[in-house]
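Only the coordinates and a few stated rules stand behind these numbers; no lab work does. Note that this is a predicted model, so its numbers are computed, not measured. No Cβ is skipped: glycine too gets one built from the backbone with ideal geometry, and neighbour counts run over all protein chains shown.
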Amino acid sequence: MAYSLKEQLSKEERFVGGHRLCAGCGAGIAVRAVLRALEPEDKAVITNATGCLEVSSFLYPYTAYKDSYIHCAFENAAATCGGVEAAYNVLKKKGKIQDNFKFITFGGDGGTYDIGFQSLSGAMERGHDMVYVCYDNEAYMNTGIQRSSSTPRFADATTTPVGKASYGKKQNKKNLTEILAAHNIPYAAQTTFLGNFRDLHEKAHKAIYTPGACFLNVMAPCPRGWRFQAQDMAQICRLAVDTCVWPLYEVVEGEWHLTYMPSKKLPVEEFMVKQGRFKHCFKPGNEWMIEEAQKYVDDQWEKLLAKCK
Amino acid sequence: MSIRERLSGNEAVAYAMKQINPDVMGAFPITPSTEIPQYFAQYVANGEVDTEFVTVESEHSSMSTCIGAAAAGARAVTATSSCGLALMWELLYVASSSRLPITLALVTRALTGPININNDHSDAMGARDAGWIQIFAENNQEAYDNYIQAMPISENPEVRLPIMVCQDGFITSHAVENIELEEDALVKEFVGEYNPEHYLLKHENPLAVGPYGVSPYYMEAKKAQAEAMKRAKEVILEVGKKFGDATGRYYGFFETYQMEDAETAVVLIGSSAGTARATVDKLRAQGRKVGMLKLRVFRPFPFDEIAEALSGCKAVAILDKAESFSAAGGPLFAETRSALYDLENRPKAINYVYGLGGRDFRVEDCTYIFDQLDEIVETGKTGEVYRHIGQRE
């Protein structure tokens, strides 16, 4: 059946309003969109790493989730989800439960790229039937915009502030989706909020319904951390993919596929100029920053194209 | 009918696990507890258990696995030692505050700094405020018996707290001794099925676990844990009595040895009780009125009962197999002396830190301690209360 956003939006919400995420927060958009990909007859257990999403969506005694949900700690969401899945397998085998459950974990880039990386790698290697979704907003937003290994080079973060002796973050962004693909899991993909959300929806559906451990990396911009107006969210996401800063692709059983080819590859500065975190890059004398950023994106893009058939 | 066998402490615990057939085990090897998941893996490989055996990449993930599994409605177990327990530290609190009755077989070992693989209680004592029930064994028989009692205690709806079943690394875990095992049917019936009221995979309604507990709710959650720990006392005694009725081996909070008329006594935990018992026998033969109190249950701490048991003594030495660097004594000392405070005529109390990192504790050492107690009784002067024994100066 052809994808229709209107139809998808008519489904009962599994992540409901009333949570305390900031207006325009990418995390909430990501969670709603991923959970829409669940078939309505399937149950789910959501696991969540500590972070913005967790502290805003499950404040005792209120939960924003229609499904069962568990938060354990910051660095162990994947292992916790693996434990839930292990329990499901044995209880199902023993005939103690009949329902079909899907297991979905959400973590920010802090809980995924950094502190939860070991736990994630272990769970993926063990092959639990689960999907780990990273909502990547490129810094530790919950504690106040500190740099992560996902923060791009030159970004002004509170632990990589711009100053007389600093141009922002020194290191390039870690390529986590590639690292996860190197675990030889059946499905790994990158997506973001684009147009009618078809790309995200289809990838989420594949990730949820492909048996085994799957990984979905969702660029989920943070208006406060990136310093842009919340109403520009769609434009920021569009620019991220059209500049090839955040290419959309999937790795299915080891085969790399580009799922979006920009009709015209835009210069990276068009993405950067919209965000306060890169403001200093546009000062006279700092042209080299934009050149270096462009060079890095071009280099990564060429490598990705070579992998995709 | 019990079965007479010869097993190490690790084998005994793994065997009890097999008889119980838990739903999920998350495990990562660390000396000296490694053998427990190893033996268990063989039971899994042989098809002797139905357990989902999750071979995680760290102890952090083994406790996380147990938390996820227990929240989902499964009976979850793990085993570890020393740094493995230290790596779980944050999650121990998550398990207890989420009221998940996970069973952890702890094979006690020194904590690193410097690295040392031998026995003391610094790992268990480091976790004493984590909200877990902690039960200690002197030997392989007690390790086995305590393990079988663990789930009926921790899963009791009045308790619902995780439990640590502790035995001494190498001394108990690796020494092969005679043991009486119980029939599978008896163990299965004694332990029963785990049927929680609320769990993630419940058909009727979803559940949310692990909330952000804001200030108006956090303290209520902690108070509820504290109340559950108080209620655990009664349940521990009930289960110990029921176990005794089924097997002939009865258990309480502690064991007293020659305490009826004892004027001096040592208080300790674990395998060194054998040494203390031999010392008591030797000194009793010389006509000295000495005794021993071997603590089995450290959390919840049996304050009133310990005070009562020691109330007839003139002087007691409390032995800690762990340092707490308070500059005033170890953890067992601090709590036991606090328990004595309410007695009308309380005995004088001193502390000996002993046996760290596998340092031997000999009858000579224990005799020396009793000699020191006699001196305190004679002179009426306690002197330095915080002492160490067995180290080179």
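Here are a few things to note about the model shown:
- Database remark: amide H of A:S148 closer than 5 angstrom to the amide H of A:Y140 (H placed geometrically; neighbours at sequence offset of 5 or more, or on other chains; Pro and chain starts carry no H).
- Taking the number of Cβ atoms within 10 Å of each Cβ as an exposure proxy, the fewest-first ranking of A:V241, A:V133, A:V162 is A:V162, A:V241, A:V133.
- Remark: mean inter-chain Cβ contacts per residue of A:33-46 equal 1, using a 10 Å Cβ-Cβ cutoff to other protein chain atoms.
- Cα centroid separation - the range A:195-257 against the range B:182-252, whole Å: 44
- Here A:K11, A:K309 are placed in order of increasing Cβ neighbour count within 10 Å, fewest first, which gives A:K309, A:K11.
- Size check on the protein assembly as shown: the Cα extents along the three principal axes, sorted descending, read 99, 61, 45 Å.
- Entries of B:K222/B:K242; A:K43/A:K92; A:K170/A:K265; B:K230/B:K294; A:K203/A:K303 with Cα pairs more than 19 Å apart: B:K222/B:K242; A:K170/A:K265; B:K230/B:K294; A:K203/A:K303
- Each stretch of four or more DSSP H residues adds -39500 (n - 2.57); spread over every residue of chain B, this sum gives -13000 deg cm²/dmol at 222 nm.
- Debye intensity ratio I(q)/I(0), log10, chain A, q values 0.09, 0.13, 0.14, 0.16 Å⁻¹ (C-alpha model): -0.43, -0.91, -1.06, -1.39
- Pairs from the table (A:K174/A:K206; A:K174/A:K295; A:K6/A:K173) lying more than 27 angstrom apart at Cα are A:K6/A:K173.
- Chain A: calculated mean residue ellipticity at 222 nm from DSSP helix runs of at least 4, using -39500 (n - 2.57): -10000 deg cm²/dmol
- Hz values of 3J(HN,Hα) by residue in the range B:280-291 - Karplus curve (6.51, -1.76, 1.60), Gly and Pro given as x: 4, 4, 4, 6, 4, 4, 8, x, 8, 8, 10, x
- Sorted ascending by nearby beta carbons within 10 Å, beginning with the fewest, B:S215, B:S96, B:S62 become B:S215, B:S96, B:S62.
- Between A:A155 and A:K169, the built amide H atoms are under 5 Å apart, and every one of these is 5 or more places off in sequence or on another chain.
- Per residue, the convex hull spanned by the alpha carbons of the range B:248-329 comes to 121 Å³.
- Over every Cα atom in the range B:262-378, the radius of gyration and the widest Cα-Cα span, Dmax, amount to 13.2, 38 Å.
- Equivalent-ellipsoid semi-axes for chain B (Cα gyration tensor, √(5λ), whole Å, largest first): 35, 23, 20.
- Full-extension gain in nm, B:A327 to B:Q391, via 0.36 nm per residue minus C-alpha separation: 21.3 nm
- GluC sites (Glu not before Pro) restricted to the range B:163-244 and DSSP loop, no more than 16 other C-beta within 10 Å: B:E183, B:E193, B:E197, B:E204
- Most mobile listed residue (B:L295, B:L201, B:L111) in chain B, GNM with C-alpha springs under 10 Å: B:L201
- Point-charge dipole on Cβ atoms (K/R +1, D/E -1) for the range B:3-247, about Cα centre, debye to 20: 680
- Evaluating 6.51 cos²θ - 1.76 cosθ + 1.60 at θ = phi - 60° for every residue in the range B:15-29, the Karplus couplings come out as 5, 4, 4, 4, 5, 7, 6, x, 6, 9, 10, x, 8, 9, x Hz, glycine and proline recorded as x.
- A straight Cα-to-Cα reach below 14 Å connects B:K202 with the aspartates and glutamates A:D42, A:D67, A:E85, A:D99, residues fewer than 8 places away in its own chain not being considered.
- Backbone geometry of the range A:267-282 corresponds, through the Karplus equation with coefficients 6.51, -1.76 and 1.60 at θ = phi - 60°, to 3J(HN,Hα) couplings of x, 4, 5, 5, 6, 5, 5, 7, 10, x, 5, 10, 3, 5, 5, 9 Hz, x marking Gly and Pro.
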